[in-house]
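This report refers to the structure that appears directly beneath it.
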Amino acid sequence: MMDLSLDQLPLAPHSGSVDIWIWQDHGIPFPDDCLLWLSDSEKAQIDHFKTGLRQREYLAGRIMIRSVLARYLDCQPGEVNLEIRPSGKPFVRQSKFDFNLSHSGSGYALAISRAGNVGVDIEWLNRKVDYFRLSSVFRSSEIEAWDAETPDLKRMHFFQRWTGKEAIFKACGDRALLFRDFEVKVPDMSPVVNFGEYPLPQNWWFQAFPYGDEYWVCLAVANPTAQIEFRTLEYNPPRS
Ligand SMILES: CC(C)(COP(=O)(O)OP(=O)(O)OC[C@H]1O[C@@H](n2cnc3c(N)ncnc32)[C@H](O)[C@@H]1OP(=O)(O)O)[C@@H](O)C(=O)NCCC(=O)NCCS
């Protein structure tokens, strides 16, 4: 994994590439300055969360998005003008980038794309999986495929399918798309078959990879023709 500090990141990255920033939160407090970056609606959102854990996740995500995007947009983190689509997907109007954040356990992944709409999902591999509950969001063909597998393979294929679906859903950024509308085949993560009415592109660029022993990450870019150059970077949060 490449370990570039934010200062080393080129300011004018070329089109057609995707950067993914990965970080593990060890609970170190953020400098007070970072709180000044937040908009009023972000501060209100933090107050709205009932648990300290969810507040921390949201705050950490926003600090990560703002500090990384500021570098790409050549501005201060507090000047990054984040807006939210009706689906909930954050975006920056009139920027060359699409971006997407995911968190699970203490792992965070932030994808920045100059190749088309992007979605990312990171999953903590030690989390509990309730296959029975999830059967309502998978297609019967997917459930039949993993019912025939050994428990270890079933678990791994679950994470591959799940992160693939989340990544596609998040790239589309539209609530009209349902998980049951499409299928992610494993282990090659393709092709994606579209059964629903949502106009899902037929070809996706996928990158799925482990992060250490505990996380699985999937990145989806809704652009079948993009020539994608992919870089994984470690994020180092600001320190006081
Ligand atoms: C919104 C959703 C995509 C979030 O996914 P998640 O795995 O819970 O959480 P992740 O950590 O991967 O992503 C959360 C981040 O994605 C971004 N996000 C929120 N809504 C989004 C959307 N509709 N599209 C893309 N990104 C979105 C935000 O940055 C969010 O961070 P925040 O919660 O700190 O604001 C997911 O909850 C969802 O609605 N999925 C619907 C699909 C479905 O049928 N799921 C089955 C549920 S059993």
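What to note about this one:
- Set of aspartates and glutamates with alpha-carbon distance to Lys96 below 17 Å, sequence-local pairs under 8 removed: Asp19, Asp74, Glu79, Glu83, Glu229
- Residues whose amide H comes within less than 5 Å of that of Glu229, counting only those at least five positions distant or on another chain, are Ser17, Val18 (H built at 1.01 Å from N in the peptide plane).
- Integer Hz, Karplus 6.51/-1.76/1.60 couplings in order for segment 214-219, x for Gly and Pro: 10, 10, 10, 10, 10, 10
- More than 32 Å apart - percent of Cα-Cα pairs taken over the chain: 20
- Taking a straight Cα-Cα cut-off under 19 Å and skipping sequence neighbours fewer than 8 places away in the same chain, the lysines within cross-link reach of Lys165 are Lys89, Lys128, Lys154, Lys185.
- Sorting 163-173, 60-70, 147-157, 178-188 by their mean Cβ neighbour count within 10 Å, with the most densely packed peptide first, gives 163-173, 60-70, 178-188, 147-157.
- On Cα atoms only, tilt of 52-73 relative to the major axis of the chain in degrees: 70
- Of Ile84, Ile28, Ile20, the residue with the greatest mean-square motion in the GNM of the chain, using alpha carbon springs below 10 Å, is Ile28.
- 0 to 90° range, to nearest 10: angle between helix 151-172 axis and the chain longest Cα axis: 60
Every read-out reported here was derived from the displayed coordinates using simple, explicitly stated rules and does not represent laboratory data. Because the structure is a prediction, the values reported are computed rather than measured. Using ideal geometry, Cβ is built from the backbone for each residue, glycine included, and neighbour counts are taken over all protein chains shown.
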